[in-house]
Amino acid sequence: MSAEFSMTVNGRTVTVDVAADETLLHVLRDELLLTGAKEGCDEGECGACTVLVDGKPVDSCIYPAPAAAGRTVSTIEGLVGSDGSLTPIQRAFVDGFAVQCGFCTPGFVMTLTALIEENSKPTERDIREALSGNLCRCTGYSTIIDAVLTATEERS
Amino acid sequence: MSGSVGKSVPRLDAEPKVRGEAVYGVDFELTGTLYAALVLSPVPSGRIIGIDTSAAAAQAGVRAVVTAEDAPDLRSGLALDDEPLFASDTVHYEGEPIAAVVADSLKAARRAVSDVIVNIEESPPVASLEAALTEGAPLVHENWETFAPVPGLPEWPRQGNVVGEMTADPGGVDEAFAGADHIVEDVFVADRQYQAYLEPKSATAIYEEDRYTIHVSHQYPWNVRSRTARALGVNPSRIRVIGHHMGGGFGARLDVGLEPYAALLARLVRAPVKLVFDRSEDLLTCNSRENAIIRIRSGVMNDGRIVAREFLCDMDCGAYATDTVFLISIPIFLAGSVYEVPSTRVVARAVYTNTTPTGAFRGVSGTYLNFALERHTDNLANTIAMDRREFRIRNLMDDGHRMLNGQILTDAGIMRTAFAEVEAVAPWADMGKGPNRGVGMAATLWLTNPAPGQVTLKLDVDGTLGVITGASEIGTGAVAMGVRQIAADELGIDPRDVIVTMPDTDVQGHDGGAQGSRTTHIVGRAVREAGTGLREQVVRAGARLLGELPDDVEIGDGHVSVKGEWNRRVTLAEVATQALYDVGPLVASGSYATPTPKYDPDTAVGLLFPTFPTPTYHVHIAEVEVDPDTGLVTVLRYVVVQEVGKAITPEGVIGQIQGGVAQGIGYALYEGLQIGEDGRYRQRTLEAYRVPIALDVPRVEAVLLEHPDEEGPHGAKGAAEPPIVPVAAAIGNAIADATGGAINRIPITPEDVLDALAENRED
Ligand code: FES
Ligand code: FES
């Protein structure tokens, strides 16, 4: 069984024809060659595959691709400005040593982008709770949390 | 630029990583790639009666189904040649590769895997250390005597399921025990720990012109080269390994994984082949940190002196020897160090079981060895009713400390400074106060891995500096920050003007891999060696351009200038451009390997890893609160004082401390990878195997103790590996303090905490 549908990915309308049980992550990575979202577990545990669907973070590895029909999907590749500039969160990650191996980074950036859309002044506790679905094995999280605090301080 | 060493300069690879542009091993694709999947043994032990590949081979899209019959009939290993590529007669662990399927798509390959019919006559597995060591236990390998050490390694004591035994007995230990006021004996048990790097293992290989090229994200491409060569029975030069960005490793990417399979398959199907593990395959087959049992007994005097010790440790290497026969050397460095113990006997064994082979994980064996030693240290102090910190200081080693291998630590007295620094930040008397709270301390020394490295520096015509090195960036920043900053300072340029290559074994000299914190120390030193040669050339070429003698010019701020006349100067770009047609490109190389420290080979038998080079010194303190109803533990405060030689990038070192402590907290409290009586892992997914999340980890406080090393670049020693080592011990001691009961297992579960509380109430 295959499914043909359209969705908006990083501002562009795309039409894909994939197996009906295909996940959004595989469509993004294998069909649209957007490999910024990573596959860390394929079981909804690590958050490395996080993308935004209609602005909400989802684990794209367990999100059925056809469920994105007609929706707006944002991936890490779509965050940078047209001039290539980084978002405040991305900039704070770079400047604040919040990236080590970086495999978790796109997922963290997407989750946090959604968080500060909803809550422009998150507390440390808010950040830690928002990140409960994102694993980072390298950093111990402190630099990531500080990066968000820096980015939101500078924004306001 | 007045030098970037010692400054926290943001790493250049962070930008492509936050943009999602960085290509990791698992993202890498070659045109025309076929995909493969492995058929893994569903049982831990048994005889293979037959393998029927016909149904799988008939599936749409399947190109080949490969078994041991198609592979070279060879066994190989890191220390002992005991492991075949595919099991043929017997299977020795659940997850052992039996066959491989190559297909047009990963989906097709994975689907066809379930169509390979493997008929196995199961036998009861040797599922635990205890079972393997029981008199008359079944042998995991009946043919163990036919296995030979890898070429160049001498034989060592091994017998049946005991694949390695290291014994250090200086004599007189029993007499020393006889004179002790008290004898304290403890037994500690540690479960396995899975590295749980975020990028699952993968490999992509292509066979062309009678050579294999393998694309990896790997900590040690040169080991992939030599191990793949031996697995396939070809010369190492027939293998080329190219590194890509790596999503963590923590030791699990030091030995080969999927690479020899990908190489073999690529030759058999004459097309590029990509092999990718899904997470459950990755967890099942990963060379996790070994489980272990430690028995420790010490004699102590009423005045606080430790006078005698016996330290026995059994490590589970799983079904193949891997690196565990090296790890059994580590107890000799820790059992009699940090605290003086004049008379110590150590016996450590590596033991075969029918379980997944274990292997390197950051802080190899040190995590549980330190847990045992430091939990025991608390028990010794409590036995003679001495304050636990005072007891430690009373027994602390000093400059000139002799380790049990006879190696002398000339600077061990720095440990006293480290204890004093901890006291300044987290006064012992103020920590762990209040109901259900406790404080714990742990100290250790750790090594910097001595494996060699090489660097070539080239000054480009636009003034940028190329660093050609086989060093791998595992994520720590050792290459992205450390090596780059050290290189920049050789010419006084901005680190952004330094370009560092990715590893490629055809291009660079040998590199000993991203292991044991060696990269900044060893590769950084090789940069300095190369820098000396390059600066000489730059000075000569610059002097010629300026019409001066080489002695009268100097390099700085991206220029060569006349000494004392800073405005008479030429840029490095001008120097390199002019030199190109005068003397040829400006290129210089440097190599470095740590000299082997002096030691006494007669101190031990079976000591395959005989010294502890370039040691660093560490003290950790933890404050916890336990919930008396649920047994849950909160780490309230965690402070690390770490001796680092010299911090090339302080924020980078602090990041390693924070990350290492987080992994240590996981190890201490959540992460047990347990083996059931059936020989199978109980935790099989990332849901069941619990890695710490942001809510579990406190803000770790770090104090860097600088104490430059003569050999290291700018004095730097290793920094990234050791912060994990004392964590379970510090937390274990804090929980024992909070509960008043025994804490003798890793991980320390809520049930253990409740038991400890109950035990205290009974007393
Ligand atoms: S890959 Fe989707 S949550 Fe891990
Ligand atoms: S930076 Fe490596 S997993 Fe987060």
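Derivation of every value follows stated rules applied to the coordinates shown; laboratory data play no part. This one's a predicted model, so the numbers in the text were calculated from it and none came from an experiment. Here the Cβ is made from the backbone with ideal geometry for all residues, glycine too, and neighbour counts use every protein chain on show.
Mind listing the phi-derived Karplus ³J(HN,Hα) values for the range B:547-552, rounded to whole Hz, using 6.51, -1.76 and 1.60 with θ = phi - 60°, and x for any glycine or proline?
x, 10, 7, x, 5, 9
Hey, fewest Cβ within 10 Å first, where do A:V53, B:V523, B:V300 land in order? List each step's numbers first, then the result.
Details: A:V53 17, B:V523 32, B:V300 26.
Exposure proxy ranking, most exposed first: A:V53, B:V300, B:V523.
Hey, could you pull the Cα Rg and Dmax for the range A:88-154, both in Å?
Here Rg and the maximum Cα pair distance are 10.4, 28 Å.
Take the alpha-carbon positions of the range B:327-411, form their convex hull, and give its projected area averaged over all directions (one quarter of the hull surface) in nm².
On the way: hull surface 28.0 nm².
If you wrap the Cα atoms of the range B:327-411 in a convex hull and average its projections, you get 7.0 nm².
Going by amide H atoms built from the backbone, whose H comes under 5 Å of the H on B:L34, apart from near neighbours?
Long-range HN contacts for B:L34: B:V273, B:K274.
Which helices count as membrane-span-like in chain B under these terms: full DSSP H, at least 20 Å along the axis by C-alpha, Kyte-Doolittle mean of -0.5 or more?
Numbers: long enough: B:366-383 (25 Å, -0.62); B:524-546 (31 Å, -0.18); B:650-669 (28 Å, 0.50).
Once both thresholds are applied, what remains is B:524-546, B:650-669.
Quick one: 3J(HN,Hα) in Hz for the range B:293-304, Karplus 6.51/-1.76/1.60 with θ = phi - 60°, rounded, Gly and Pro as x.
Rounded to whole hertz, the list is 10, 10, 10, 9, 9, 9, x, 10, 9, 4, 7, x.
How big is the gap, in Å, between the Cα center of the range B:363-401 and the Cα center of the range B:503-579?
47 Å
Name the long-range amide H neighbours of B:G164: under 5 Å, sequence gap of 5 or more, or other chain; modelled H, no Pro or chain starts.
Those qualifying (amide H under 5 Å, at least 5 residues apart or on another chain) are B:Q159, B:A350.
In whole Hz, what ³J(HN,Hα) sequence does the range B:402-408 give by Karplus (6.51, -1.76, 1.60; θ = phi - 60°), x for Gly and Pro?
Going residue by residue, I get 9, 6, 5, 8, x, 6, 9 Hz, with x marking Gly and Pro.
With bins 10 Å wide starting at 0, give me the P(r) of the range A:12-156 over every alpha carbon pair, in whole percents.
Pairs per bin, as whole percents: 12, 43, 33, 11, 1.
Test of understanding: ordering B:S280, B:S343 by Cβ neighbours within 10 Å, fewest first, what list do you get?
Numbers: B:S280 18, B:S343 21.
With the sparsest Cβ surroundings first, the list reads B:S280, B:S343.
Would you calculate the volume per residue, in Å³, of the smallest convex hull containing every Cα atom of the range A:2-78? Show your work: numbers first, answer last.
Values: hull volume 5.4 nm³, N = 77.
Per residue, the Cα convex hull of the range A:2-78 comes to 71 Å³.
Using the Cβ atoms and a cut-off under 14 Å, what net charge is assigned to the surroundings of A:G84, where Lys and Arg are +1 and Asp and Glu are -1?
Working: positive: A:R91, B:R19; negative: A:E77, A:D83, B:E15, B:E21.
Summing Lys and Arg as +1 and Asp and Glu as -1 gives -2.
Distance cut-off 23 Å, Cα to Cα: go down the list B:K17/B:K107; B:K433/B:K646; A:K38/B:K107 and report the pairs above it.
Details: B:K17/B:K107 28 Å; B:K433/B:K646 35 Å; A:K38/B:K107 18 Å.
In this structure, B:K17/B:K107; B:K433/B:K646 lie more than 23 Å apart at Cα.
Ranked highest first by average number of other Cβ atoms within 10 Å, how do B:113-125, B:215-227, B:683-695 line up?
Working: B:113-125: 16.5, B:215-227: 25.9, B:683-695: 18.1.
So the order, starting with the most tightly packed, is B:215-227, B:683-695, B:113-125.
Given the rule -39500 (n - 2.57) for each run of at least 4 DSSP H residues, summed and divided by the residues of chain B, what is its mean residue ellipticity at 222 nm, to the nearest 500 deg cm²/dmol? Spell out each step's value before the answer.
Numbers: 19 runs with 192 residues, N = 763.
So the calculated ellipticity at 222 nm is -7500 deg cm²/dmol.
Taking only the alpha carbons of chain B, what extent do you get along each of the three principal axes, in Å, biggest first?
On the principal axes, chain B reaches 86, 71, 50 Å in Cα extent.
How high is the relative contact order of chain B? Use alpha-carbon pairs under 8 Å, at least six apart in sequence, and give a whole percent.
Details: 2006 pairs, mean separation 121.7, N = 763.
Relative contact order comes out at 16 percent.
Using amide H atoms built 1.01 Å from N in the peptide plane, name the residues 5+ places from B:I746, or on other chains, whose amide H lies under 5 Å from its own.
Here the answer is B:V189, B:A190, B:D191, since their amide H atoms fall under 5 Å of that of B:I746.
Using the reciprocal of the averaged 1/r over all distinct C-alpha pairs, how large is the Kirkwood radius of the range B:374-441 in Å? Provide the component values of the computation, followed by the final result.
On the way: mean 1/r = 0.0735 Å⁻¹.
In the range B:374-441 this quantity evaluates to 13.6 Å.
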